[in-house]
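Quick notes on the structure that follows.
The values are calculated or read from the model by the stated rules, or taken from the named source; none is laboratory data. Note that this is a predicted model, so its numbers are computed, not measured. Please note: Cβ atoms are built from the backbone with ideal geometry, for glycine as well, and neighbour counts cover all protein chains shown. Please note that ligands, DNA and RNA were not included when accessible areas were found on the heavy atoms of the full protein model with its side chains. Shrake-Rupley method; radii C 1.70, N 1.55, O 1.52, S 1.80 Å.
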Amino acid sequence: MVAQPAAIARTGSARPLLAVRGVTLGWRHERRDVVAAQNLSFDLEPGERLSLLGPSGCGKSTLLKAIAGFVPPAAGSIELDGIAITGPGPDRMPVFQEFDQLLPWRTVRGNVAWPLRASGRVKSRDEARARADDVLARVGLQDFADSFPHTLSGGMKQRVAIARALALQPELLLMDEPFAALDALTRRRLQEELLDLCEDLRLTLIFVTHAIDEAIVVGTR
């Protein structure tokens, strides 16, 4: 994956929300170097929805993991609000396509509320519960707050994962093919729900997909 610097500047500010500069990503595999992305540069402004589009194996997910702080760049830099990303943080929340990303022993409400307290974003259990209930209502799952993950459909589990990410009020939402394993009708419905959330909450989003139609629907770029 190779890209050139974007020529987009934030209104009233010379600094973008996310700045990726000359990033190369790779790893060692069986005594050889594997390059996943090379000399990648772009800016992302608040409220933008960026689709990362490409075939399997071109480096999309590796780049998303680097922005999340899970993979260090071999070269270049990644900055959020002018600060170098050196590890994971609640200001960048990933949502993956796997349905087992929820804690099976916690209820839907518990899955959303627990990271709030674990990250220190809220201090009390009551505050975490109130915020969890609010965001579950936003994704249409308020009636399933006391349910456990094994009772939910795939699409509902993905909505819980999205709610969990939104509850932390991140600066950047990172989604790695979150609807790829769903049927076409459920995928389309969740795409529409995601767009509504992005508009209502002014979310800044990076969305990884290998589907051209999905990239067009979800992304502003």
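Quick notes on this one:
- Rg in Å to one decimal, and Dmax rounded to a whole Å, for the stretch 154-218 via C-alpha atoms: 11.1, 30
- Overall, the accessible surface of the stretch 69-221 at a probe of 1.4 angstrom is composed of carbon and sulfur to the extent of 52 percent.
- Distance between modelled label sites at A84 and T24, nm, 7 Å Cα→Cβ extension: 1.7
- Remark: the stretch 196-206, residue by residue, has Karplus-estimated 3J(HN,Hα) of 4, 5, 4, 5, 5, 9, 6, 6, 9, 10, 10 Hz, where x stands for each Gly or Pro and the curve is 6.51 cos²θ - 1.76 cosθ + 1.60 at θ = phi - 60°.
- Antiparallel beta bridges, as assigned by DSSP with both residues in the chain, represent about 55 percent of the total such bridges.
- With all protein chains modelled, accessible area of L197 [1.4 Å, Å²]: 20
- Each label was represented as a point 7 Å from its Cα along the Cα-to-Cβ direction; for S77 and S147 these points are 4.7 nm apart.
- For the chain, radius of gyration divided by Kirkwood radius, i.e. Rg to Rh on alpha-carbons: 0.97
- With contacts taken as Cα pairs under 8 Å at a separation of at least 6 residues, the chain carries a relative contact order of 25 percent.
- Average accessible area per residue (Å²) across the chain - probe 1.4 Å, nucleic acids and ligands excluded: 50
- A181 paired with A14, simple spin-label distance in nm, labels 7 Å along Cα-to-beta-carbon: 4.7
- Charge dipole (Cα centre; +1 on Lys/Arg Cβ, -1 on Asp/Glu Cβ; no other charges) of the stretch 118-221 amounts to roughly 300 debye.
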